[in-house]
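Novice: First, the structure itself, so that you have it in front of you.
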Amino acid sequence: MTTAEASPGRSVRRLMRAADRGYLATRRRKDAEAPDWPYAALVLVAADHDAAPLLLISGLAEHTKDIAADGRVALLIDGTAGLDEPLTGARATLLGRLARTADPRHRARFLARHPGAAMYADFKDFAFYRLAVERAHLVSGFGRIHWIGADALLDRGDHAALAAAEPEIVAHMNQDHAEALGLYATKLLGLAPGAWKMTGIDAEGLDLRLGGRTARLDFQDRIATAEQARAELVRLATQARAA
């Protein structure tokens, strides 16, 4: 399903899952320079299994100090990169509350998405955060504008089984099926060849990375178990070889 064919909620969720960065806006705290003004910063993002954004940020950063005073934020996810006319592309502003998380799954998902962050993830001033999204504003081209609530936006299915199996699936694919990952990238996504690595798998697709490039491959149908993941990965490999 392409973004154009998807429902507004699915379109935003795909942007959230595919993103590796975003623009975080906070409200300046009372004791800050320019109090009460909005403040925007570039941040790295990953996605939880339900697509909620995950961040790793420093307590020394201005935006983190703002969040300590008021956790309400806006996070802009930009899907317009590479377009000749960026305003024809999709972008979404997520509104929600950002709060610290100590869930080891969140840490693992973020560091798989951004391996370079492992160098500073354990610094005392850094912490992981999860955005509890309350609503989103999608602009997917001229005149295609939607407000979307959290229930239509997040994947509310049961993720427990797949989340538990994810580390093993990712390790297995990277160690034993590098050829298939390369075919996913080149034949199904039209990307340049290289040593593509899988960084994550969720109910709706898988994530790839090559150096500083990331890519998202959607599944034909939603999956929920390791067995369903295996069947879909085999199907995609067969499709890629046929291509």
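Novice: Only one of these is more than 17 Å from Ala99 (Cα to Cα) and charged (D, E, K, R): Glu62, Glu33. Name it.
Specialist: Numbers: Glu62 fails: more than 17 Å from Ala99 (Cα to Cα).
Checking each option against the conditions leaves just Glu33.
Novice: On the given criteria, is Gly82 buried (at least 16 other Cβ atoms within 10 Å of the Cβ) and more than 27 Å from Glu166 (Cα to Cα)?
Specialist: Spelling it out, it is not the case that Gly82 is buried (at least 16 other Cβ atoms within 10 Å of the Cβ) and more than 27 Å from Glu166 (Cα to Cα).
Novice: On to the next question. In the range 85-104, which residues are surrounded by fewer than 14 Cβ atoms within 10 Å (Cβ to Cβ) and farther than 17 Å from Val45 by Cβ?
Specialist: Glu85, Pro86, Leu87, Thr88, Ala102, Pro104
Novice: Which of the residues that make up the range 4-38 are surrounded by 19 or more Cβ atoms within 10 Å (Cβ to Cβ) and among the hydroxyl-bearing types (Ser, Thr, Tyr)?
Specialist: Ser11, Thr26
Novice: With the structure loaded, tell me whether Arg105 is under 16 Å from Ala18 (Cα atoms) and either in contact with a Ser or Thr (Cβ under 6 Å, 6 or more places away or on another chain) or not hydrophobic (A, V, I, L, M, F, W, C) (or both) or whether it fails that test. It would help to see each step written out before you state the result.
Specialist: Numbers: under 16 Å from Ala18 (Cα atoms): no; either in contact with a Ser or Thr (Cβ under 6 Å, 6 or more places away or on another chain) or not hydrophobic (A, V, I, L, M, F, W, C) (or both): yes.
It is false that Arg105 is under 16 Å from Ala18 (Cα atoms) and either in contact with a Ser or Thr (Cβ under 6 Å, 6 or more places away or on another chain) or not hydrophobic (A, V, I, L, M, F, W, C) (or both).
Novice: Here's a check for you: in the range 127-165, which residue that is touching a residue at least 60 places away in the same chain (Cβ under 8 Å) and acidic (Asp, Glu) is farthest from Leu208 (Cα to Cα)?
Specialist: Checked the range 127-165; the qualifying residue farthest from Leu208 (Cα to Cα) is Asp158.
Novice: Got a sec? Which of Gly212, Gly182 is in contact with a Pro (Cβ under 8 Å, 6 or more places away or on another chain) and free of Cβ contacts under 8 Å to residues at least 24 places away in the same chain?
Specialist: Working: Gly212 fails: in contact with a Pro (Cβ under 8 Å, 6 or more places away or on another chain).
Going through Gly212, Gly182 in turn, the sole match is Gly182.
Novice: Scan the range 55-77 for residues that are out of contact with any helix residue (DSSP H, G or I) (no Cβ under 6 Å at 6 or more places or on another chain) and hydrophobic (A, V, I, L, M, F, W, C) and jot them down.
Specialist: Correct list: Leu55, Leu60, Ala61, Ile67, Ala68, Ala69, Val73, Ala74, Leu75, Leu76.
Any read-out appearing in this document is the output of simple, stated calculations on the displayed coordinates, not a laboratory observation. Because the structure is predicted, anything quoted here is derived from the model rather than measured. Heads up, the Cβs are rebuilt from the backbone with ideal geometry, glycines too, and the neighbour counts pull from every protein chain shown.
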